[in-house]
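Only one structure is covered here, and it is reproduced in the block below.
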Amino acid sequence: MNMIMGTMVKPQLRPIQIGGQFKTLEVTAEAGAVMPPHHCTSEAVVVVLEGEATLVMEEGGTPLVAGTSFLIPAGKTHTLNVARTFKATVIMGSNATLEFEGGK
């Protein structure tokens, strides 16, 4: 796990565009970053542009590599463990929010 001064390094989320039905976010992270458990209030599609990570849900881990995409069901808690510098676009409902466990 990537740590800076005792703090877990998390992937960065940046809004790209918000439309009438959908919005897009950019997710970037360095190797070793971990996104804490969270869920999206709508379905979300992750389109991987660079790098490698594992999306972990209750059922197990799914590798995410450049050139792949993955549909995450609404309300499904998951984490992201980054193996190599990672960049992805996430597409979700325009009113959707990410809800982190513990309010983080």
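Sequence-ordered 3J(HN,Hα) estimates for region 57-68 from the Karplus curve with 6.51, -1.76 and 1.60 and θ = phi - 60° stand at 10, 3, 6, x, x, 10, x, 10, 10, 3, x, 10 Hz, glycine and proline given as x.
The residues packed around Val65, meaning those with a beta-carbon under 10 Å from its beta-carbon, carry a net charge of -1 if Lys and Arg are +1 and Asp and Glu are -1.
Straight Cα distances below 19 angstrom link Lys87 to the aspartates and glutamates Glu26, Glu30, Glu50, Glu52, with same-chain residues fewer than 8 positions distant left out.
Treating the beta-carbon of each Lys and Arg as +1 and of each Asp and Glu as -1, no other charges, what is the dipole magnitude of the chain about its Cα centre, to the nearest 20 debye? Let's see the in-between values first.
On the way: 7 positive and 9 negative charges, 48 e Å.
Using only the charged Cβ atoms, the result is roughly 240 debye.
The numbers here are math on the coordinates, done by the rules we state, and not lab data. None of these values were measured; they are calculated from a predicted model. Heads up, the Cβs are rebuilt from the backbone with ideal geometry, glycines too, and the neighbour counts pull from every protein chain shown.
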